[in-house]
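Data first, discussion second: the structure below is written as structure tokens.
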Amino acid sequence: ATNVSRRLRDYGFDCRCVQLQIRESDLTSFERQMRLPYPCRTSEEIYKAAYALYLKNARGKRLRSLSVHACDLSYNETEQMSFSPDIERIQKRERLEDAFDSLNSRYGEGTVCRGVLMTDPEIAYIGLKCSPGILPGRMFG
């Protein structure tokens, strides 16, 4: 979700739909999508949607890979004003993630990252923008 949201912000897009592709160890795969209530580009919202899709569709088999995709893209040129506390929270989150992006671009990938990534030494220093986003299987287990 972090890589997807970073690319959305880099190219100025919002997404209204999140797609999760699940490939099981026997190489069977399927995709599921979830529509979002409003356009977004934050890793938190994309992660929540992808995780909800995973929980709803997990079949108890070992996984080979998970892929998260953003769908139904639109340019983030204009934003509709809203008084919803959810929208205000998301806008604050976008500004925070923009600051992360700026620091990581200036001082190198991984300069600023989520604290949860630092709890697992196997994934602590994976370059978020450079890697294809493949992480150990414990992320959803």
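The values are calculated or read from the model by the stated rules, or taken from the named source; none is laboratory data. Nothing here was measured: the structure is a model prediction, and the numbers come from that model. Neighbour counts run over all protein chains shown; Cβ positions are idealised from the backbone, glycine included. Please note that ligands, DNA and RNA were not included when accessible areas were found on the heavy atoms of the full protein model with its side chains. Shrake-Rupley method; radii C 1.70, N 1.55, O 1.52, S 1.80 Å.
One residue is enough: does the stretch 80-88 have a residue meeting the conditions outside any loop (DSSP other than H, G, I, E, B), more than 16 Å from the chain's Cα centre (by Cα), at pLDDT below 80 and surrounded by 14 or more Cβ atoms within 10 Å (Cβ to Cβ)? The answer is yes; a qualifying residue exists.
Kindly indicate whether any position in the stretch 24-39 is open to solvent by less than 30 Å² (accessible area, probe 1.4 Å), touching a residue at least 24 places away in the same chain (Cβ under 8 Å) and closer than 28 Å to residue 94 by Cβ. Looking through the stretch 24-39, none of the residues is open to solvent by less than 30 Å² (accessible area, probe 1.4 Å), touching a residue at least 24 places away in the same chain (Cβ under 8 Å) and closer than 28 Å to residue 94 by Cβ. Only one of the numbered conditions (1) in a strand (DSSP E or B); (2) open to solvent by less than 30 Å² (accessible area, probe 1.4 Å); (3) within 19 Å of residue 113 (Cβ to Cβ); (4) among the aliphatic types (A, V, I, L, M) is violated by residue 46, and that is (1).
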